[in-house]
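Please read the structure below before turning to the comments.
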Amino acid sequence: MKNLVWVDFLQSHRIEIVSLVACLTLMGLVFELVRRNAIKEKYSFLWFLTGLSLTALTLKRDWLTSLAATLGVYYPPTALFLVLGFFVIVILIHYSMVLSKLLTQNQKLAQRLALLEAKLEDSNDMKQEDDAEKAA
Amino acid sequence: MSTNARQVLPAEFSKLTIVVPAFNEERNLARVVSEIKALSVNRTMVDWVVVDDGSRDQTRRVAQALGSKVVSLAFNMGIGVSVQTGFKYALERKADYVIQVDADGQHIPSEIEKLFSEIRSSNADVVVGSRFQKSAAAGLQTTTVPRWLGGRLLGWTVFLLTGARLSDPTSGFRIFNRKAAEFIANHYPDDYPEVEVLVTLMQNGFIVKETPVQMRSRAHGHSSINWVHSIYYVWKVTFASFMHRIRR
């Protein structure tokens, strides 16, 4: 009898269970990557915000229902995907900004290095000319 | 004596290097450097370096005109990278102690003696200058409400993670002995580093103490820390400090 109740529960809450497991897995993965220094803490913030938001909406069905109603979505769990899509877009835009900044910095560094090398070569050439003049 | 010239250090002298991270501080830098130049610490050679963090104003030129050694980062990298660069510079030049003095004028160079005296007379590896230890009211006048609230919360975070009670964990006015400076040169967070680095140091066995100092309000310009930054600051430091603990 107990087993039947459990099976019934699992079947009727499949999407919530899948969503919860997915959110916890995402947050666990990001946590582990930060722990291993593969991701910097500041870049994990949006991922945790995503995971926590989706977890909250999964556990609080009435919030999800209200959100779905506001967005005009008939089937509330679909709103979860909309929220996920929103966060993924925000994260992608954020990374586009980070990449753009890194590209600019990389260019500046490359230029500065090249100019420093040219300066060093000029300095060495001048030193050699001075030494040659002194020898003569 | 305070100098930027190459000098042979007498055997009984120690070398103190002051790292001044600066970002767009052309208006505040002259006062800070003048006060550093006027410093005189017993049996100590005082050296200083201005780390120009990709300033877009005349910070570098002002610093050079004042006789400072300037290390210029190619672009703005943030306080963490600037300070770490300064520490690396100081250690390459055989500093025995390294102290951070901000270029915005809040840190009073003449108060360095209090930090220096504490680190030499105690077993501390790091001494933090606290504006709140003697008088919370006096300290409040030198900061903003979001920063003060964030500082209180971060103080609790430090206590929970390390057991240490620090009244001003966000203070950047701090002195390190060589051992601690070497650790910092290799382990320094790149953003909002002040609290996180203290937790990391204590988790790695370094002794951190506080001593009361006076500070000023910033003379020109404004702090970049607002409410949004403060909230992120607290989250980031708490999370990063917790991560340091579980990585060990």
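Numbers at a glance
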| item | result |
| --- | --- |
| Hits in the stretch B:83-103 (condition: surrounded by 23 or more Cβ atoms within 10 Å (Cβ to Cβ) and farther than 9 Å from B:Val19 by Cα) | B:Gln84, B:Ala95, B:Tyr97, B:Ala103 |
| Near pairs, Cβ below 8 angstrom, 6+ apart or cross-chain, from the stretch B:187-215 (in contact (Cβ under 8 Å) with a residue 60 or more places away in the chain) to any residue that is part of a loop (DSSP other than H, G, I, E, B) and acidic (Asp, Glu) | B:Leu201/B:Asp125; B:Phe206/B:Asp125; B:Ile207/B:Asp125; B:Val208/B:Asp125; B:Glu210/B:Asp168 |
| Subset of the stretch A:14-46 that is within 20 Å of A:Pro76 (Cβ to Cβ) and of a type in the set (Gly, Ala, Ser) - its residue that is nearest to the other protein chains (Cβ to nearest Cβ) | A:Ala22 |
| Conditions (1) open to solvent by less than 60 Å² (accessible area, probe 1.4 Å); (2) within 14 Å of another protein chain (Cβ to nearest Cβ); number of the one not met by A:Thr58 | (2) |
| Identity of the residue in the stretch A:1-45, among the acidic types (Asp, Glu) and within 25 Å of A:Thr65 (Cβ to Cβ), that ends up least open to solvent (accessible area, probe 1.4 Å) | A:Glu16 |
| Neighbours by Cβ (under 6 Å, 6+ apart or cross-chain): first from the stretch B:168-186, acidic (Asp, Glu); second open to solvent by 10 Å² or more (accessible area, probe 1.4 Å) | B:Asp168/B:Arg131; B:Asp168/B:Phe132 |
| Top-ranked residue in the stretch B:70-82 [being hydrophobic (A, V, I, L, M, F, W, C) and without any contact (Cβ under 8 Å) to a residue 24 or more places away in the chain; ranked as surrounded by the most Cβ atoms within 10 Å (Cβ to Cβ)] | B:Val71 |
| The one condition in (1) in contact with a helix residue (DSSP H, G or I) (Cβ under 7 Å, 6 or more places away or on another chain); (2) within 26 Å of B:Tyr233 (Cβ to Cβ); (3) within 14 Å of another protein chain (Cβ to nearest Cβ) that B:Ser72 fails to fulfil | (2) |
| Residue that is least open to solvent (accessible area, probe 1.4 Å), among those in the stretch A:70-109 that are more than 24 Å from A:Tyr43 (Cβ to Cβ) and either among the hydroxyl-bearing types (Ser, Thr, Tyr) or within 14 Å of another protein chain (Cβ to nearest Cβ) (or both) | A:Thr78 |
| Failed condition for B:Thr200, given (1) modelled with pLDDT under 90; (2) β-branched (Val, Ile, Thr); (3) over 12 Å from the mean Cα position of the chain (by Cα) | (1) |
| Qualifying residues in the stretch B:59-69 (those that are touching a helix residue (DSSP H, G or I) at 6+ places or on another chain (Cβ under 9 Å) and not basic (Lys, Arg)) - the one most open to solvent (accessible area, probe 1.4 Å) | B:Ala65 |
| Candidates B:Gln106, B:Gln133 - the one that is open to solvent by less than 40 Å² (accessible area, probe 1.4 Å) and either under 23 Å from B:Leu39 (Cα atoms) or at pLDDT below 95 (or both) | B:Gln106 |
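Results for (1) under 21 Å from A:Gly28 (Cβ atoms); (2) outside any loop (DSSP other than H, G, I, E, B); (3) not acidic (Asp, Glu), shown as yes or no for each residue.
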position: A:Thr50; (1), (2), (3): yes, yes, yes
position: A:Leu54; (1), (2), (3): yes, yes, yes
position: A:Leu57; (1), (2), (3): yes, yes, yes
position: A:Thr65; (1), (2), (3): no, yes, yes
position: A:Val73; (1), (2), (3): no, no, yes
position: A:Pro77; (1), (2), (3): no, yes, yes
position: A:Phe81; (1), (2), (3): yes, yes, yes
position: A:Phe86; (1), (2), (3): no, yes, yes
position: A:Ile93; (1), (2), (3): no, yes, yes
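The values are calculated or read from the model by the stated rules, or taken from the named source; none is laboratory data. Keep in mind the model is a prediction, meaning the values are calculated, not measured. Every residue, glycine as well, gets a Cβ built from its backbone with ideal geometry; the counts of neighbours run over all protein chains shown. Please note that ligands, DNA and RNA were not included when accessible areas were found on the heavy atoms of the full protein model with its side chains. Shrake-Rupley method; radii C 1.70, N 1.55, O 1.52, S 1.80 Å.
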